Amino acid sequence: MPLFSTSDIKRTNNWRVVIYGKPGIGKTTVAKYLLGKTIVLPFDNSHKSLDNVPNIEIWRDPKFSEESDMAFDREHPNESVNNFIKEVPSFGNFDNLVVDNITAFQKDWFVELGRSSKNGISNEIQDYSKWNNYFSRLMTTIYMIPNVNILTTAWEDQVPFTTESGQQFNRYEPEIRSQVRDELLGLADVVGRMLVNPSTHGRGVILEGSDGVFAKNRLDNRTICAAKDLFKFGSGNDDKTN
């Protein structure tokens, strides 16, 4: 029978994690805490923060030379990400994929479509429905890459949120259009908001949701952890931001 026991489920294998926070807070840098071989898809070309980190390779679009500081073509994001998808089978064995800054990719994608609009700048109404379909296909394709952990980063946004009791808040969430954001967050095992401790300047990640922060953690019981410990799933220990 095509069934398997729940005792065969390994929660921390092939995880899907989304972290979000302010620009420059250190989201890309957390890739250095990943174990094993890591490949970075650098949507916003912020990969310089990973200089000389062992076991990390940056994917470069074939159109750029080895001497170029650019890796992802932000003027033609659709073409560039398609080149990445085509090349995935040639990467060999790797343990982790970092999809770095889906917010930047979203912005660049709309800019590219705006160039083909009537005034060459603004987006047409149909562009937004195109994005919904495109994003769903893209992330499903990426998330179906077998035997690999996937970390996705995004900028943060504050959006109106109403609780079941009718109270209204501005809640921190990843800065992605709402029509596709919920789908992405639903697929993720962990969603965390990255922040800086104002006293120690240490980086930490909130892993438990509240009225003011969207977050979740279905891999262990941690509610907050230091950024350096984010990928130590199963430790079961809460860890203050330090």
Percentage relative contact order, the chain, counting C-alpha pairs under 8 Å, at least six apart: 22 percent
In terms of Cα to Cα distance under 16 Å, which lysines are near enough to Lys228, apart from those fewer than 8 places away along the same chain? Lys27, Lys32, Lys240
Starting at the first residue of the range 82-92, write each ³J(HN,Hα) from the Karplus equation 6.51 cos²θ - 1.76 cosθ + 1.60 with θ = phi - 60°, in whole Hz, x for Gly and Pro. 5, 4, 4, 4, 5, 8, 3, x, 8, 6, x
Along Cα→Cβ, 7 Å out, is where each label goes; now give me the distance between the ones at Asp69 and Thr163 in nm to one decimal. 4.7 nm
Would you compute, from DSSP H runs of 4+ residues alone, the mean residue ellipticity of the chain at 222 nm, taking -39500 (n - 2.57) per run and dividing by the full residue count, rounded to the nearest 500? -7000 deg cm²/dmol
With point charges of +1 on the Cβ of Lys and Arg and -1 on the Cβ of Asp and Glu, referenced to the Cα centre of the range 112-190, which listed residue (Phe161, Leu151, Ser116) lies farthest in the positive direction of the dipole? Ser116
Kindly provide the trypsin sites (Lys or Arg not before Pro) of the range 55-121 that DSSP labels as loop, not H, G, I, E or B, and whose Cβ sees at most 13 other Cβ atoms within 10 Å. Lys63, Arg115, Lys118
If exposed means no more than 15 neighbouring beta carbons inside 10 Å and the site is in a DSSP loop, what's the longest run of the chain without any exposed GluC sites (Glu not before Pro)? 1-65
Debye intensity ratio I(q)/I(0), log10, the chain, q values 0.10 Å⁻¹ (C-alpha model): -0.51
Nearest-0.05 FRET efficiency for His76 and Thr29 at R0 = 45 Å, using Cβ-Cβ distance, is 0.95
If each residue of separation counts as 0.36 nm, what is the full-extension length gain between Glu87 and Met144 once their alpha-carbon separation is subtracted? 19.0 nm
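Taken together, the values in this text are just the output of simple stated rules run on the coordinates, not laboratory data. Computed from a predicted structure; not experimentally measured. Because the Cβ atoms are built from the backbone with ideal geometry, glycine has one as well, and the counts that use them run over all protein chains shown.
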